[in-house]
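Here the structure is laid out as C-alpha cells; the discussion comes afterwards.
Since every read-out is calculated from the coordinates, none of them should be taken as a lab result. Just so you know, these numbers come straight off a predicted model, no measurement behind them. We place every Cβ from the backbone using ideal geometry, glycine too, and count neighbours over all the protein chains shown.
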Amino acid sequence: MKLFLDTASVDEIKVINDIGVLDGVTTNPSLVAKEKSNFRGILKEICGLVKGPVSAEVVATEYEGMIKEGTELAKMADNIVVKVPLLKDGVKAVGKFTSLGIKTNVTLIFSPLQALLAAKTGASYVSPFVGRLDDVSHEGLQLVEEIITIFDQYEYKTQVLVASVRHPLHLVDAAMLGADVATMPFKVFDQIFRHPLTDVGLKTFLADWEKGKKQI
Ligand code: G3P
C-alpha cells in the first residue's frame with residue numbers, strides 16, 4: 001500500500017520525504033487555507049520536493065470552471081493530480097480530464113456507487129473518507145471493502161485511495177483489504193514509526209551495551 005501525506009505543509013512533507021518513505025501528497029482547500037503562502041506557491045514547492053503524485057483540488061463546482069482550474073493546475077508540474085469533488089459536473093469533468101491525459105482524484109466519496117461513477121469516467125483515484133463516516137457511526141472501512149470488491153469484478157484501473165485516516169488501525173485495515181493508497185495527516189504518519197516496546201527494547205540494548213563496555 002502506498003503511503004501519502006494529507007497536508008499542505010512543506011515542513012511536514014520534508015520530514016517524511018527525507019526518510020524516503022513518502023509515496024505522494026494529497027491536499028484539499030481546508031489544508032491549503034491553514035498555510036501562509038499562496039496555493040500556487042505551495043504546490044510548486046511540494047511538486048519540486050515529492051517525486052510521487054500530488055493532488056491539488058479545484059474549487060469550482062461547475063464543469064467549465066473545473067476544466068479551467070484543473071488544466072491550469074495540471075500544467076504546473078508532471079506529478080499534479082487534479083482533485084475533483086463527486087458532483088455530476090465533477091464526474092463529467094473527470095471524463096474530459098481523462099481524455100486530455102490529466103490524472104484525477106475524485107474526492108468526497110461516501111458510497112460505493114459514487115466510486116463506480118468515478119471509475120467509469122477513468123478517474124485515476126477515488127478517495128473514500130473513512131474517518132468522517134466513522135464520525136457519523138457508519139463503518140468507514142466497510143465502504144473501502146465494497147469499492148475494492150466492485151472494482152475487482154470489472155477490472156477498473158482506478159486506484160482506491162483511503163482518505164480521512166484518523167489513526168494507525170485505519171491503515172492496518174486498509175492494507176489488509178488491499179487498498180492501493182492511504183493518505184494521512186502528519187500525526188498519523190509519525191505514529192506508525194512508534195511502538196512502546198521498540199523504545200523499551202532499545203533502552204535495554206543500549207544499557208546492556210554500556211554495562212558490557214564492549215569495543216566496536
Ligand atoms: O483530504 C481529504 C481527507 O483526507 C480529509 O480528511 O481528516 O478532514 O476528514 P479529514
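Among the residues examined, residue 160 qualifies as more than 13 Å from the ligand (Cβ to nearest atom) and assigned to a strand (DSSP E or B). Residues in the range 138-157 that are away from the ligand (no atom under 15 Å from the Cβ) and outside any helix (DSSP H, G or I): 139, 155, 156, 157. Among the residues of the range 102-137, just one is near the ligand (Cβ under 10 Å from one of its atoms), free of Cβ contacts under 8 Å to residues at least 24 places away in the same chain and under 24 Å from residue 54 (Cβ atoms), namely 108. Pairs linking a residue in the range 11-32 that is away from the ligand (no atom under 16 Å from the Cβ) to a residue that is of a type in the set (D, E, K, R) and part of a helix (DSSP H, G or I), with Cβ atoms under 6 Å and 6 or more positions apart or on different chains, do not occur.
Checking each residue in the range 62-71 for being of a type outside the set (Lys, Arg) and more than 21 Å from the chain's Cα centre (by Cα) picks out 62, 63, 64, 65, 67.
When only residues in the range 148-162 that are closer than 20 Å to residue 26 by Cα and touching a helix residue (DSSP H, G or I) at 6+ places or on another chain (Cβ under 6 Å) count, which is surrounded by the most Cβ atoms within 10 Å (Cβ to Cβ)?
First pass over the range 148-162, keeping only residues closer than 20 Å to residue 26 by Cα: 157-162.
Keeping just the survivors that are touching a helix residue (DSSP H, G or I) at 6+ places or on another chain (Cβ under 6 Å) gives 158, 160, 162.
On the way: 158: 23, 160: 28, 162: 30.
Among those that are closer than 20 Å to residue 26 by Cα and touching a helix residue (DSSP H, G or I) at 6+ places or on another chain (Cβ under 6 Å), it is 162.
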